[in-house]
1. What figure in square angstrom, to the nearest 10, would you give for the accessible area of THR130 with a 1.4 Å probe?
2. By accessible area of protein heavy atoms, probe 1.4 Å, what ranking do MET162, MET157 get, highest first?
3. How many Å² of accessible area per residue for segment 93-140, probe 1.4 Å?
4. For the charge dipole of the chain, defined by +1 on Lys and Arg C-beta atoms and -1 on Asp and Glu C-beta atoms about the Cα centroid, which residue among PRO438, GLY499, PHE366 has the Cα displaced farthest towards the positive pole?
5. About its Cα centre, how strong a charge dipole does the chain have in debye, to the nearest 20, once Lys and Arg get +1 and Asp and Glu get -1 at the Cβ?
6. Could you state the angle between the C-alpha long axis of helix 197-210 and the longest principal axis of the C-alpha atoms of the chain, as a value from 0 to 90 degrees rounded to the nearest 10?
7. Sorted by mean Cβ packing within 10 Å, highest first, what order do the peptides 115-125, 95-105 take?
8. Just grab the label-to-label distance for ASP99 and ASN246, each label 7 Å out from Cα along the Cβ direction, in nm (one decimal).
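The values are calculated or read from the model by the stated rules, or taken from the named source; none is laboratory data. All of these numbers come straight from a predicted model, not from anything done at the bench. With ideal geometry, Cβ positions are generated from the backbone for all residues, glycine too; neighbour counts draw on all protein chains shown. Please note that ligands, DNA and RNA were not included when accessible areas were found on the heavy atoms of the full protein model with its side chains. Shrake-Rupley method; radii C 1.70, N 1.55, O 1.52, S 1.80 Å.
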Amino acid sequence: MTSNSQTLSPQISIEADLNATKVHFPQEEMETKDPLNGGQLPPTIFIIFGASGDLTKRKLVPALYNLALSQHLSKDFAVIGVDYVEMSTEDFRLKINRDIHELSSRQIDSGLQDWLLQRLHYISGDFRSTQTFDKLKECLNQLDVAHGVRGNYLYYMATSPMFFSEIVNFLAGKGLVSQSDGCFRRVIFEKPFGHDLPSAQVLNRQLCTVLSEDQIYRIDHYLGKETVQNILVFRFANGIFEPVWNRRYIDHVQITVAETLGVEHRGTYYEKAGALRDMVSNHLLQLLSFVAMEPPNAFDAEAVRDEKVKVLRAILPMEADEITRSTVAGQYGPGTIAGHPALAYQSEPNVTSGSHTETFAALKLFIESWRWGGVPFYLRTGKRLPRRVTEIVIQFKAAPLLLFRKTPVHQLTPNQLIIRIQPDEGISLNFGAKIPGPSVQVGTVDMDFQYGKYFGDTPRTGYETLLHDCMAGDATLFQRSDAVEVGWHVVDPILEVWGGLQSQATHQYEAGTWGPYESARLLEQDGRKWRNPA
Ligand code: BG6
């Protein structure tokens, strides 16, 4: 609910021992002016499972701060962090305070920061113990009254997926997910959502025993990126693109998600995941669905998600021999990134020597639909590549050369529309132009739109929109169960073939290069070339 009221919310302090939880109203805090004008989002308690981890520090708390800064967050708001790590609420606040200063490159609004810190609470406990949930229930009851939240709880599962169903079952057992009297109870799940189709189906079934689909928000943080959302606006709010957005005019599409980072400290997780599970089954297929979907008949969750699923379902299944021809797995060896030596994947912490896990994946997919039949979609992602860049290249068919037969022009470069998702968000269109001079010479020029230049740079983590939408009850940017399952449908057969081939499937590449030679060959054999941004 949006309110312009300036009424102060009581400030609360909850002591480490929740049995001794008490609410008090410090006088000087009561007299401090509330830095929020009310916000547009409903009153909410945001509960983070896994609150001492990196995600809370790097994304969730900064996103909440940004939502408060932009006056979106309700002034009736509180956060409860839950985790194994022993910490008092005071320690948690101090930690978050340090994190905010460590991470922010901008001036922090100290009034707003204090406002947020005073709303943070912490419960230490085992996710597998009923006592943790008793403490949580008690804390929720207290904060609900103190902040006038009216029972709206948003849970965030920033934990290992092995805890998802258990936590949700405990919550259900304590009556903490039932929605009554108009309140909402929603749960956000971080990826990975299963590690293959059967496990994703089991997880979906387990969650659906205690939650309804409209309470489940499966997050894919790529959908929180402004430029990803802009794909829909770009395609459907402009009359000039839709008529050419099909197999008649488009030669092929490239989607590249390149990272310079290696696996860092995530070797244990990554050994079991690999690039296909970690990036393709979710982020890259989400990007593909935005590029290739049919226009939805409304900008609402079901209409948009229906179209996305339809396009993913139309991806042509491949037999094993087609998979070996159309996909490439790679693993980085030692090399150099930006002048610094980089270790081989197999020398990273918690990675088995002799591991076949792929840190690079490239694939060619076809979407068997009237719009896209015969148009290849080339997808690639990798760690330890030369540049951090996420971009989509729409390459149009080349113009016929006939007109130029009596000129020095022997080749026309096809037009490319490049959608840059990160880091330099924008869109550019390459086209041929006459090079000034007496003879006809064609050069390629760029029409370039840069997001930051037009709309300014606002501090964003990519989680603001997602958290906002979840509190507002808009699931458009979240994955429905069928989309998750169809993603696994696409990657499972590839994983199976690669698993059978073991070391023969995984080609080594030098860190700091654009992946193994086989990736370049995947396009070269079709007479095409990756666009490798300089
Ligand atoms: C995560 C993957 O989902 O996305 C990571 O698990 C990857 O391995 C990250 O590094 C990339 O996200 P971004 O937003 O930095 O492109």
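1. 60
2. On the way: MET162 115, MET157 0 Å².
Listed by decreasing accessible area, they come as MET162, MET157.
3. Details: 2210 Å² over 48 residues.
Ligands and nucleic acids excluded, the result is 46 Å² per residue.
4. PRO438
5. Working: 52 positive and 62 negative charges, 352 e Å.
I would put it at about 1680 debye.
6. Approximately 30 degrees, to the nearest ten.
7. Final packing ranking: 115-125, 95-105.
8. Placing both labels 7 Å along Cα→Cβ, they lie 4.9 nm apart.
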